[in-house]
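Before any comments, here is the structure.
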Amino acid sequence: MFALRHLIPAAFRALVRMIFLGILFALIAGGIVLAVAYATTPHWPPSTLTIVTAVVVALLAGYAVGLTTLVREVIRGVKAAEHDLVRGVENEVTAHEHAHA
């Protein structure tokens, strides 16, 4: 029960961060591609190849940031679980020492 109480909010927070940061960085990467394309040839609207390139770069950037965020959240969860486990063991040892004193 203790694990589920911490696991569900952590999973929801990780999912929201993954989606938000993935979309944000996809928009930024796609915008940068379009800006560079416009700076090299000041012609608007861009060609189909430029749009396809912007979409591909945006998808790759969003995917990379999403996976990086997932790994980061997993590491954060493992650290929190380890910290809670250490705190629980220390409390048990302290209680055991006080009972024998």
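Values in this text are rule-based calculations from the coordinates and carry no lab data. Owing to the predicted nature of the structure, the values given are computational and were not obtained by experimental measurement.
Remind me, relative contact order of the chain in percent, using alpha carbon pairs under 8 angstrom and six or more residues apart? The normalised contact order for the chain reaches 35 percent.
Sorted into 5 angstrom bins from 0, the C-alpha pair distances of the chain split as 2, 12, 14, 13, 10, 9, 9, 7, 6, 5, 4, 3, 2, 2, 1, 1, 0 percent.
Between 0 and 90 degrees, the angle of helix 2-40 with respect to the longest Cα principal axis of the chain falls at about 20 degrees. The C-alpha atoms of the chain define a longest principal axis, and helix 48-100 lies at about 10 degrees to it.
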